[in-house]
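The values are calculated or read from the model by the stated rules, or taken from the named source; none is laboratory data. Here the structure is a predicted model, which is why all the values come from computation and not from measurement. All Cβ positions, even for glycine, are placed from backbone atoms using ideal geometry, and neighbour counts span all protein chains on display.
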């Protein structure tokens, strides 16, 4: 089959987890004998459409204003014109008549038009991979006021976005239930996040260059934003100040980097080092050297997300320590598998005690790390995701 994969951020320039995951998915489709064309924006000088190949994946980069790491108004405009600029760039490409399926990643909520036009051209199937329910998470975080004009604007496009899909895959059963309680556009089901299992040895370098050879390293790697509630993890860092053996690394970008750097100074967090985003290859090296993987989800979120960063920890047999919003089915999943220790955000004492346990007992770290890898192989292998999506596409054509 010829599959069109659409996302708002992609390799090789992106350092974000979603772009890495999407490329792993594209490569898995290619390895399964399918032809893949990724359609994604780029900003800067150049033609409306640039084509490239990356690990056997054909990538079409269409020109668009920058949508990452810009102000909210600029981002809203840039995302609004995503489909328009994509269609102007690709509409004369003969291949678009031969797509067997369009698989688009959301957020962004503004790819509905390009998906619709591709469906009209090729009469193909549309599968939406829905990770974050936007704008709901922004309303939950207080970034957008409920009932405001801007919320109504985004809600309008959100509903159109969902209506263009033949099937929507959400990352957890709780999210499926939440989505179905609000919308009734198409069939839905669970499509877990995914990762490609890799067994690669790297030459250590970060512990040495950061002067952390004798430390137990707790890593937070990924988006540093409101949805993650970085204050939650910073409280843990402060509680761990008396324990010299522990050191925290925060690596990434986002709206709360300034908060992190500010509280590091205010609370004198000498046990924390912040690093800007690393390339995908460099981040893999770092993952091979850390001892505990951290994550956090804001307590006021109504959706139940599964942060992609956790998969990187699992691939490297790293035990997981984190906090979630109440009711999130990620907590029993990890805890029951003994892949780590997860608590409801705000339960600072249990999070702190768990950190002490992981700090002081290497055998527990090793055992939980092995269980984390086993959980990845069971539930989150990219090959299983490929089979799931291909089965949905085949089922569509058998009925039509």
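Quick notes on this one:
- In this entry, residue 377 is excluded by the filter for residues that are buried (at least 19 other Cβ atoms within 10 Å of the Cβ) and either assigned by TED's automatic domain parsing to the domain that holds residue 284 or touching a residue at least 40 places away in the same chain (Cβ under 8 Å) (or both).
- Selection status of residue 17, within 17 Å of residue 194 (Cβ to Cβ) and modelled with pLDDT of 95 or more: no
- Boolean, residue 236 is more than 21 Å from residue 204 (Cα to Cα) and touching a residue at least 40 places away in the same chain (Cβ under 8 Å): yes
- Residue match in segment 168-178 (condition: touching a residue at least 24 places away in the same chain (Cβ under 8 Å) and either assigned by TED's automatic domain parsing to the domain that holds residue 355 or touching a helix residue (DSSP H, G or I) at 6+ places or on another chain (Cβ under 6 Å) (or both)): yes
- Any hit, segment 197-216, residues being surrounded by 21 or more Cβ atoms within 10 Å (Cβ to Cβ) and part of a loop (DSSP other than H, G, I, E, B): no
- Residue in segment 23-38 that is out of contact with any helix residue (DSSP H, G or I) (no Cβ under 7 Å at 6 or more places or on another chain), over 21 Å from residue 383 (Cβ atoms), without any contact (Cβ under 8 Å) to a residue 60 or more places away in the chain and not in a strand (DSSP E or B) present: no
- Restricting attention to segment 39-67, the residues that are crowded, with 17+ Cβ neighbours inside 10 Å and assigned to a loop (DSSP other than H, G, I, E, B) add up to 2.
- All helices (runs of 4 or more DSSP H) inside segment 322-400 with 2 or more residues being over 23 Å from residue 235 (Cβ atoms): 330-336, 362-379, 382-399
- Members of segment 242-286 that are modelled with pLDDT under 90 and on the phi > 0 side of the Ramachandran plot: 254
- Single residue of segment 227-241 satisfying the filter (modelled with pLDDT of 95 or more and assigned to a loop (DSSP other than H, G, I, E, B)) that is nearest to residue 270 (Cα to Cα): 241
- Of the residues making up segment 175-190, those that are surrounded by fewer than 20 Cβ atoms within 10 Å (Cβ to Cβ) and farther than 26 Å from residue 117 by Cβ are 176, 177, 178, 180, 181, 182, 190.
- Some residue of segment 221-231 being in contact with a strand residue (DSSP E or B) (Cβ under 7 Å, 6 or more places away or on another chain) and over 20 Å from residue 286 (Cβ atoms): yes
- The number of residues in segment 2-22 that are surrounded by fewer than 20 Cβ atoms within 10 Å (Cβ to Cβ) and not in a loop (DSSP other than H, G, I, E, B) comes to 1.
- Strands (runs of 3 or more DSSP E) completely within segment 245-314 that count 3 or more residues being surrounded by fewer than 19 Cβ atoms within 10 Å (Cβ to Cβ) and outside the structural domain of residue 140 (by TED's automatic domain parsing): 272-275
- Single unsatisfied condition, residue 117 versus (1) surrounded by 15 or more Cβ atoms within 10 Å (Cβ to Cβ); (2) closer than 23 Å to residue 166 by Cβ; (3) at pLDDT 90 or above: (3)
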